[in-house]
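First the structure, in the form of structure tokens, and then the observations on it.
The values are calculated or read from the model by the stated rules, or taken from the named source; none is laboratory data. These figures come from a predicted structure and were not determined experimentally. Glycine gets a Cβ as well: all are built from the backbone with ideal geometry, and neighbour counts include every protein chain shown.
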Amino acid sequence: MSKTVTCLVACAGVMLSAPVLAQEKRVEVSFLAGWTLSDGVTSADEELVPALDGNLYNRLDPKDSFKWGFTAGFLVSENVELGFQYGQQNTTLEASGVISGVEGIRPFGDLKISTYHGYVSYNFFGEDSRLRPYATVGMGATHYGPVAYESNGVQFTTSPATPFSWTLGSGVKFFPSPHFGIRAGVQLTASYIRDDASGWWCDPNAAGPDCYGITAQPQYASQWDFGGGVIFRF
């Protein structure tokens, strides 16, 4: 009997609290899409480095391209949100330098960049406000996938890397209804690239000259994201 009473009390508590939780709308899930301006790294002092293809390179950059992602956040208060954010950019790695005696850019190979960040956001105005500006800060990691490329008829693949990264962003959310909204904003993600020859900038099977601008000092590779998406709030 006591177990039955306990169960009934617990069920009643859940039923009574459900309308309150629904009214508070604590969870926000967003699906995002936009355009990313990407910057990579240079060689030490931007010195031209000879490569096996006979050219000289001093910079590596992911090409600007489309990016998509999602966020899942929980509002611990009316204004403060804790959550997780994922982003993915499918792009091309480009090497810059002197190609056949002329300054230019050579496509290096296809590259997938994935970002994983825990974040804290501050949502301005009240919970019932239709327009809510926000500011975000987060920390996590950026994964640079392997890049397959060809040099003098020989196929190579660079090693992947997952350096530490941080992110800052701001924008605005608009809620035409209590459970649905749209958002737009800008976000900067900076990834710490170490001066390590085993990094993704260098082919581990090559003997130095095919590293295409390996860094001698720590640098940050950055992504500027411009975009928006839809929000589901419950």
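The table below gives the values:
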quantity: Flag if Val76 is touching a strand residue (DSSP E or B) at 6+ places or on another chain (Cβ under 7 Å), exposed (fewer than 15 other Cβ atoms within 10 Å of the Cβ) and under 17 Å from Gly171 (Cβ atoms); calculated: no
quantity: Single residue of Glu127, Glu103, Glu94 found to be modelled with pLDDT under 95, over 21 Å from Val147 (Cα atoms) and surrounded by 14 or more Cβ atoms within 10 Å (Cβ to Cβ); calculated: Glu127
quantity: Restricting region 36-62 to residues that are of a type in the set (D, E, K, R) and over 16 Å from Tyr149 (Cα atoms), the residue that is modelled with the lowest pLDDT; calculated: Asp45
quantity: Residue within region 83-103 that is in a strand (DSSP E or B), touching a helix residue (DSSP H, G or I) at 6+ places or on another chain (Cβ under 6 Å) and either among the acidic types (Asp, Glu) or in contact (Cβ under 8 Å) with a residue 40 or more places away in the chain (or both) present; calculated: no
quantity: Verdict on Val49 being over 17 Å from the mean Cα position of the chain (by Cα), under 27 Å from Asn152 (Cα atoms) and surrounded by fewer than 15 Cβ atoms within 10 Å (Cβ to Cβ); calculated: no
quantity: Residue tally, condition in a loop (DSSP other than H, G, I, E, B), exposed (fewer than 15 other Cβ atoms within 10 Å of the Cβ) and small (Gly, Ala, Ser), over region 139-179; calculated: 1
quantity: Residue in region 159-173 that is at pLDDT below 95 and over 22 Å from Gly118 (Cβ atoms) present; calculated: yes
quantity: Qualifying residue in region 94-110 (condition: within 24 Å of the chain's Cα centre (by Cα) and of a type in the set (Ser, Thr, Tyr)); calculated: yes
quantity: Restricting region 52-82 to residues that are among the basic types (Lys, Arg) and part of a strand (DSSP E or B), the residue that is farthest from the chain's Cα centre (by Cα); calculated: Arg59
quantity: Boolean, Glu81 is at pLDDT 95 or above and among the acidic types (Asp, Glu); calculated: yes
quantity: All positions within region 55-95 that are under 14 Å from Ala221 (Cβ atoms) and of a type in the set (S, T, N, Q); calculated: Gln89, Thr91
